[in-house]
Amino acid sequence: MSKRFSTLDTTRLLFDHPRILFRLIERMDRREQRYVLESDLVAEVMEYSRNLGRADRDRVRLALNTDNLFRSGLVIDIVKADGERRLVFQEALLNLMRACNASLYQELTDARLRGHLVTLRDVRDRLELSTFSESDPDFTELRDDLNERVSQLIGLLRQNVIRMQSISTQLADMSGDASRVPDRFPEFRQNLFEQIVTLYERHIKPTLVFLNPDTRLADGSNLFETLEAMVAQLESHGDHELADQLFRSSLSLNALYKPIQAVAREVEHFLRKTRRGMVQYNAMEHFYAQLRELKGETETLSMRRKWLEGGEFARGTGFLLGLRAQARPKHYAFGSSTSYYQLMFSELALRLSDLRRQNEIPVLQEVEGSARQTHVDLQRIRQLYDWLETLRLRPTGDLVRELHGRLDGFMPGYRFPDLLAALNRLLNHPPEGFRVATTNRFRTLELTEGEQEVPEQFVYRKRRLESETEIDDD
């Protein structure tokens, strides 16, 4: 008696060594067949198990031979035709293997989509003749059938979206010859165009039409009109729970239109690429695929593999060499506290107030010449003081920088002597309800005017403008 494996053990071995069935499914899809040739299965198992240890090699070969697969129920039928044996695998097993590998998802064709639509129309017609009674087994079976078909359709379309979103890898494979045979680029481009047009016409466009609520079909209602009709029937008979569930399903289906539309735009954009653009596209996809493999190594049951092992990738590509020697780019980050936003909105309010009062800014008389650094015209100071009397201020940790920001750009011919005059005024006559506190910390301001190459610097002692109310509370 030969060694046998149970269905559970055989399935476990298939998932422990998934590459065997992955390759068989890929070959089956490429040939557009619904079966696997026994000769292909034997060749794939022998090729894969050659590098395994003796115990694992014997286990894989025994579990994946035709007799054991048939007895365990994973192969549901064996057809003899044209002198060869064709193995028909469980559809559930194939779908589960496809779910583990996005590249094996099947694109939905126009025929498959129309088949789902015809089925939903049939359910709608049967629903019109139903009793809508929970005690009627025909209605309960019809309701379960409706839920199953809608869920199955959503699942297939989501898989199709995932498959289409990985189309960039497929486009890179199609255009791989562009970087190797530049002399035959016109011929290559024509062949590539035909392949992509076939992909677009047979898979992407039918899905877009199927998910478009404005589509008009000659043979009847479209998908969303069919679902809306069933929702109306259920609501009219008081089955609001099932109607709401079906309505949410229609929303989920409608949301799948945009990602597929984005894929269609990517295909159209790719067709307009030149040879150089295709080479760059392929290079990016090549290295992106390497990073995806590194990421896949972290998605195992091992809790220790949480980070990408990218050292070899960095050394091999040279993209990151010398990166640590470069200064980290400066960024402006918004705070998350309430006080931060209050401070920011307060600053914006004050700046807007200055803009509204721009007509009130005095036309100050400019003083030119070398004496400008030591002497400021008395009339200019008086006008500046008058403007400071109406200036709105708030508590700040650096009064000098605050005044500099308010005066720079508003005062014609603004220079640091104007800042000193304004600061002196506020030190002697602080705004009502405020006091000025002087610290022992020093700061530096820079000001560049006109064609001046070296900015003028002003070193000052930091001063705080504090509210007397807060000081009293403390």
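Observations on the structure shown:
- Within the shell of other residues whose beta carbon sits under 9 angstrom from the beta carbon of residue 78, the net charge comes to +1, with Lys and Arg scored +1 and Asp and Glu -1.
- Accessible surface comparison of 341, 460, 288, probe 1.4 Å, protein chains only, largest first: the order is 288, 341, 460.
- Residue-span extension gain [residue 29 to residue 248] - 0.36 nm each, minus C-alpha spacing: 75.5 nm
- Residue 439 paired with residue 99, simple spin-label distance in nm, labels 7 Å along Cα-to-beta-carbon: 6.0
- Pairwise FRET efficiency - residue 314 versus residue 91, Cβ, R0 = 35 Å, nearest 0.05: 0.20
- Accessible surface comparison of 307, 387, probe 1.4 Å, protein chains only, largest first: the order is 307, 387.
- Once the Cα-Cα distance is subtracted from the 0.36 nm per residue extended length, the residue 109 to residue 66 segment shows a gain of 12.3 nm.
- Approximating the spin labels as points 7 Å out from Cα along Cα→Cβ, the residue 291-to-residue 351 distance works out to 3.4 nm.
- Length added when fully stretched, residue 148-residue 129, from 0.36 nm per residue minus Cα-Cα: 4.9 nm
- Rg over Rh for segment 21-118 works out to 1.02, both radii taken from alpha-carbon positions and Rh defined as the Kirkwood radius.
- Inter-site label distance for residue 84 and residue 301 at 7 Å from Cα along Cβ, in nm: 3.6
The values are calculated or read from the model by the stated rules, or taken from the named source; none is laboratory data. Computed from a predicted model, the values in this text were never measured in an experiment. Cβ coordinates were reconstructed from backbone atoms using ideal geometry, including for glycine residues, and neighbour counts include every protein chain displayed. These area figures cover heavy atoms from the full protein model, side chains too; ligands, DNA and RNA do not enter into them. Shrake-Rupley method; radii C 1.70, N 1.55, O 1.52, S 1.80 Å.
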